[in-house]
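Only one structure is covered here, and it is reproduced in the block below.
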Protein chains: 2
Amino acid sequence: MTTSRPVTLADVARQAGVSLATASRALNGSARVVRPDLAERVCAAAAELGYVPDPVAQSLARKSSNLVGLIVHDIADPFFSSIAAGAMRVADEMDMVLTLGATGRDPRREIALVTTMKLQRARALVLVGSRLTDDPEAEQRLATELEAFAANGGRVCSVRQPGLPGDVLQPDNRGGARELAAALAGLGHRHVAVIAGPEGVATSEDRLAGFREGLAAAGVDPGSIRVHRGRFDRDGGYAAGAELAADLSPTTCVFALSDVMAMGAVAALRERGVSVPDDVSVAGFDDIPTLRDTVPALSTVRIPLESIGERAARMALENPAPEEPRHVVIPAEVVLRASTAPPRAG
Amino acid sequence: MTTSRPVTLADVARQAGVSLATASRALNGSARVVRPDLAERVCAAAAELGYVPDPVAQSLARKSSNLVGLIVHDIADPFFSSIAAGAMRVADEMDMVLTLGATGRDPRREIALVTTMKLQRARALVLVGSRLTDDPEAEQRLATELEAFAANGGRVCSVRQPGLPGDVLQPDNRGGARELAAALAGLGHRHVAVIAGPEGVATSEDRLAGFREGLAAAGVDPGSIRVHRGRFDRDGGYAAGAELAADLSPTTCVFALSDVMAMGAVAALRERGVSVPDDVSVAGFDDIPTLRDTVPALSTVRIPLESIGERAARMALENPAPEEPRHVVIPAEVVLRASTAPPRAG
DNA sequence: GGCACGTTGGAAAGCGTTTGCCCACCACGG
DNA sequence: CCGTGGTGGGCAAACGCTTTCCAACGTGCC
């Protein structure tokens with residue numbers, strides 16, 4: 001067998017005895033209708049020859065590819081990889097190819113990735129991850145770039161705080177943190193420490209604000225809240241946990257603003273002989289899957305990560321596009337597990 | 001400002017007063033040399049106009065895109081997402097766009113994904129994840145599809161057992177398991193249970209075989225090894241752990257063939273009142289990052305996941321392609337932590 | 001029966017690159 | 001002075017599709 005050149009649409013058209021235009025219209029949806037008998041002939045020919053359309057050529061001609069871009073901060077972080085799994089599923093259910101970009105939390109890389117996807121003529125973009133409240137300029141540039149993306153026919157759905165063009169899926173960070181605060185106060189905690197991300201990370205700020213509100217509502221003096229800041233990842237949590245362990249009293253409860261931070265914090269506390277929840281309670285936020293199985297199981301605020309990924313992808317890919325950008329808030333649910341307990345008497 | 005059509009190569013050529021061909025040769029590497037002064041003019045024009053080449057058009061003309069495909073079983077699994085993070089880094093260091101495919105452990109989806117990436121004219125493919133020893137036919141079809149991919153100029157690097165076209169990066173599953181067995185036997189364990197994946201999952205089989213070898217070498221009766229099989233994920237581990245808990249004696253040590261399985265197993269054991277490592281030791285395999293922080297910290301066999309992702313991507317993207325496909329074995333290293341201890345006296 | 005109109009097929013012009021081929025030009029050797 | 005070979009620019013043909021535009025062919029209406 002000679003190395004066979006791949007079958008092109010021209011081959012199909014010839015075989016079916018019709019023009020290229022007709023073959024194209026018959027095989028790939030088009031506004032134009034072709035007579036049923038012709039359409040039939042074309043399909044038969046395509047099947048017989050084993051024709052498969054060339055996505056690259058289609059992208060060029062249509063000015064739109066079957067790529068959907070997913071942009072996250074760090075794919076190794078379970079928060080993002082869970083969302084990615086959901087988006088993945090939808091993407092290939094819709095026969096789209098998902099591309100992955102990691103920003104490493106650098107706003108400039110984020111913008112660069114959007115540009116790349118614009119050049120690739122991606123059909124849609126799912127943007128996941130907190131913005132920086134203290135870098136409005138970068139946020140503005142990102143918005144501009146997304147506008148450009150949208151102007152080329154791309155759709156956008158971001159999983160983050162509102163403010164960007166396109167649909168927004170926003171976990172209820174503030175509300176969730178508020179409720180968690182209520183729950184912790186309900187357990188009797190009055191001296192709470194918070195392990196937060198760097199100043200300016202919006203997700204972290206929202207959760208912190210909600211938490212403060214909740215505590216205040218429960219009658220806890222907001223001035224008593226100790227806030228430790230660090231990188232918004234496991235190592236940041238670890239560092240903060242170490243600080244805390246060195247000087248714990250009178251803290252009875254630690255709220256880490258994300259599960260991965262909580263994980264690091266717990267590790268640091270434990271290494272220093274502080275027992276959770278006996279000496280101090282710890283709660284996190286996100287409910288990443290792995291922390292359900294740890295000891296003690298982590299109390300947290302549950303966000304349905306995979307389902308967020310799915311919804312985001314679906315919103316971005318859905319046809320037809322809605323006239324108005326949508327803004328949906330994803331409720332967050334407090335789940336208390338073993339890592340929190342009432343403060344030790346005394 | 002009128003909505004400006006993007007700048008094309010033709011614009012640049014006109015501005016520089018040269019032909020399309022010359023502009024193309026000057027801007028994008030080509031075998032042909034262009035006179036320095038012309039090249040200079042072209043670059044100046046490009047810079048002035050803000051020209052950016054259209055990757056889709058380039059893909060069509062060159063028959064090769066700047067996509068690199070990463071195919072994994074499940075991106076939410078830390079094993080795969082860690083590898084993905086490494087591959088990601090290399091991809092965008094090389095200005096490639098990484099696409100992500102998830103097979104859900106279905107060999108047919110795996111093949112379909114390869115086909116998709118072939119149609120996309122991906123430059124390279126990184127395939128991660130165990131093959132099925134009991135489905136040689138699917139393996140053959142996959143190999144065929146990869147040949148086709150390679151025939152179109154694509155490069156392949158697989159992180160799995162050898163047997164596929166292209167480079168192979170193979171964690172030393174067998175050797176690692178063997179050494180782990182030695183270490184566990186060294187602790188004094190004589191009655192061991194193994195939590196394995198489904199029959200036919202090559203990674204699982206390799207580790208099991210290595211483990212048996214190691215135990216045999218240490219003088220443990222291979223007949224005494226109890227093997228529980230289940231899905232090769234957290235839930236499979238949990239189910240097996242539950243079975244084990246119901247009927248533990250005389251087992252003093254459990255080896256789960258992956259960390260995520262170990263995680264499930266530990267959870268199940270604990271829920272049933274079996275304490276690790278007091279009642280039974282548990283070890284895993286892979287050393288996924290999250291399990292270093294758990295209590296007890298999991299003894300395991302360390303595989304450098306991110307670095308494997310990096311190396312795989314680099315091998316697949318490296319220029320020029322080696323004449324011979326490469327086969328490199330990644331050493332695995334036993335790391336004993338708190339989840340393993342000598343068996344209880346008596 | 002003529003005319004306007006709605007349908008539908010086909011020719012061809014894109015889409016934005018790369019590249020095969022021809023040719024002009026120059027340097028050099030005979 | 002002419003032939004020869006090497007260098008490098010430009011034309012135009014790919015690459016494989018979509019879509020515009022035109023023409024042909026009914027149909028229905030007056």
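The values are calculated or read from the model by the stated rules, or taken from the named source; none is laboratory data. If you're wondering where the values come from, they're calculated on a predicted model, not measured in any experiment. A quick note on method: Cβ atoms are made from the backbone with ideal geometry, for glycine too, and the neighbour counts reach across all protein chains shown. To get the accessible areas, we keep the full protein, side chains included, count just its heavy atoms, and leave off ligands, DNA and RNA. Shrake-Rupley method; radii C 1.70, N 1.55, O 1.52, S 1.80 Å.
Relative to its residue count, segment B:9-53 spans a Cα convex hull of 57 Å³ per residue. The listed peptides A:309-322, B:211-224, B:154-167, ordered by packing as a protection proxy, come out as B:154-167, A:309-322, B:211-224 (highest mean of other Cβ atoms within 10 Å first).
Heavy-atom accessible surface of B:VAL33, to the nearest 10 Å², is about 130 Å², with a 1.4 Å probe and all protein chains retained.
In the assembly of identical copies, A:ARG32 has its label point, taken 7 Å from Cα in the direction of the beta carbon, separated from the corresponding points by 3.5 nm (ascending, one decimal).
Taking all protein chains as present, what is the carbon and sulfur share of the accessible area of chain A, in % to the nearest whole number, probe 1.4 Å? In chain A, the share of accessible area belonging to carbon and sulfur is 53 percent.
So how tilted is helix A:305-317 from the main axis of chain A? Cα-based, degrees 0 to 90, rounded to 10. For A:305-317 against chain A, the angle is about 30 degrees.
Of all DSSP beta bridges in the protein assembly as shown, what percent run antiparallel (nearest 5)? It would help to have the intermediate numbers written out before the result.
Details: 11 of 81 bridges.
Bridges in the protein assembly as shown are about 15 percent antiparallel.
Would you tell me the mean number of C-beta atoms belonging to other protein chains that fall within 10 Å of each C-beta in B:192-198, as a whole number?
0
Cβ under 15 Å from A:VAL34's Cβ, A:VAL34 left aside: what net charge do those residues give with Lys, Arg +1 and Asp, Glu -1? Intermediate values should be presented prior to the final figure.
On the way: positive: A:ARG25, A:ARG32, A:ARG35, A:ARG41; negative: A:ASP37, A:GLU40.
Residues near A:VAL34 contribute +2 overall.
Per-residue Karplus couplings for segment B:275-291, computed as 6.51 cos²θ - 1.76 cosθ + 1.60 with θ equal to phi - 60°, are listed in order as 9, 10, x, 4, 7, 7, 7, 9, 10, x, 7, 2, 6, 6, x, 4, 7 Hz, Gly and Pro entered as x. Rounding to the nearest 10 and keeping the result within 0 to 90°, find how far the Cα-based axis of helix A:78-93 lies from the longest principal axis of chain A. The angle comes out at about 20 degrees.
Start at zero, step by 5 Å, and the Cα-Cα distances of segment A:28-75 spread as 5, 14, 16, 17, 18, 12, 6, 4, 4, 3, 1 percent across the bins.
Inter-copy label distances for B:ASP221: 6.9 nm (label point placed 7 Å from Cα along Cα→Cβ; shortest first).
Distances between copies of A:SER19, taken at a point 7 Å out from Cα along the Cα→Cβ vector and listed shortest first: 3.2 nm.
For segment B:88-113, a drop of 10 Å² or more in accessible area on going from the chain alone to the assembled protein chains (1.4 Å probe) is found at B:MET88, B:ASP92, B:VAL97, B:LEU98, B:THR99, B:LEU100, B:ALA102, B:ARG109. Mean sequence separation of contacting Cα pairs (under 8 Å, at least six apart), scaled by the length of segment B:262-346, corresponds to a relative contact order of 39 percent.
For segment B:209-265, taking the reciprocal of the average inverse distance between every pair of different Cα atoms yields a Kirkwood hydrodynamic radius of 11.9 Å. Both chains summed, the buried accessible area for A and B stands near 3300 Å², from protein heavy atoms and a 1.4 Å probe.
From the square roots a ≥ b ≥ c of the eigenvalues of the alpha-carbon gyration tensor of the protein assembly as shown, which class results: rounded (a/c under 1.5), prolate (a/b over b/c), or oblate? The shape class here is oblate. Selection among B:VAL266, B:VAL254, B:SER299 by position relative to the dipole of segment B:241-320 gives B:SER299 as farthest towards the positive end (Cβ unit charges, Cα centre). For B:SER64, put the label point 7 Å out on the Cα→Cβ axis and report which residues of segment B:138-164 keep their amide N under 11 Å from it. Residues B:152-155 fall inside that zone. Of all DSSP bridge pairs formed entirely within chain B, close to 10 percent run antiparallel.
Kindly sort B:HIS228, A:HIS327 by accessible area of their heavy atoms, largest first, with the probe set to 1.4 Å.
A:HIS327, B:HIS228
Need one value for B:42-55: mean number of C-beta atoms belonging to other chains within 10 Å of its residues' C-beta atoms. Numbers along the way, then the final one.
Values: counts 0, 0, 0, 0, 0, 0, 0, 0, 0, 0, 3, 1, 4, 7.
Other-chain Cβ atoms within 10 Å of each residue's Cβ, averaged: 1.
Loop-located trypsin sites (Lys or Arg not before Pro) in segment A:1-70 (DSSP state not H, G, I, E or B) with no more than 16 neighbouring Cβ atoms inside 10 Å: A:ARG32, A:LYS63.
Label-to-label distance for B:ALA138 and A:ALA321 is 3.9 nm, based on points extended 7 Å past Cα in the beta-carbon direction.
How many angstrom lie between the C-alpha centres of segment B:229-254 and segment A:196-230? Cα centres, segment B:229-254 to segment A:196-230: 42 Å. Centroid-to-centroid, using Cα positions, segment B:101-156 and segment B:311-346 are 22 Å apart.
Among the GluC sites (Glu not before Pro) within segment A:45-135, not one is in coil by DSSP while having at most 15 neighbouring Cβ atoms inside 10 Å.
Using helices alone, what [θ] at 222 nm do you get for chain A, with -39,500 (n - 2.57) per DSSP H run of 4 or more residues, divided over all residues and rounded to the nearest 500? Please report the intermediate quantities before stating the final value.
Values: 12 runs with 153 residues, N = 346.
Computed ellipticity for chain A at 222 nm equals -14000 deg cm²/dmol.
For A:58-66, what's the mean count of beta carbons from other chains sitting within 10 Å of each residue's beta carbon?
On the way: counts 2, 7, 7, 2, 1, 1, 1, 4, 3.
That works out to 3 on average.
Ranking A:ASP74, B:ASP206 from most to least accessible surface, computed with a 1.4 Å probe over the protein chains only, gives A:ASP74, B:ASP206.
Solvent-accessible surface of the protein assembly as shown, taken per residue with a 1.4 Å probe and all protein chains present: 41 Å². Straight-line cross-link partners of B:LYS118 among the lysines, defined as a Cα under 19 Å from its Cα and at least 8 positions apart when in the same chain: B:LYS63. Placing unit charges on the Cβ atoms of the charged side chains and taking the dipole of segment B:9-53 about its Cα centre, the candidate lying farthest along the positive direction among B:ALA21, B:VAL42, B:ALA31 is B:ALA31.
Over the Cα atoms of chain B, the radius of gyration divided by the Kirkwood radius equals 1.14; this is the Rg/Rh ratio.
Gap in Å between the Cα centre of segment A:45-79 and the Cα centre of segment B:1-73? The two parts, judged by their Cα centres, are 23 Å apart.
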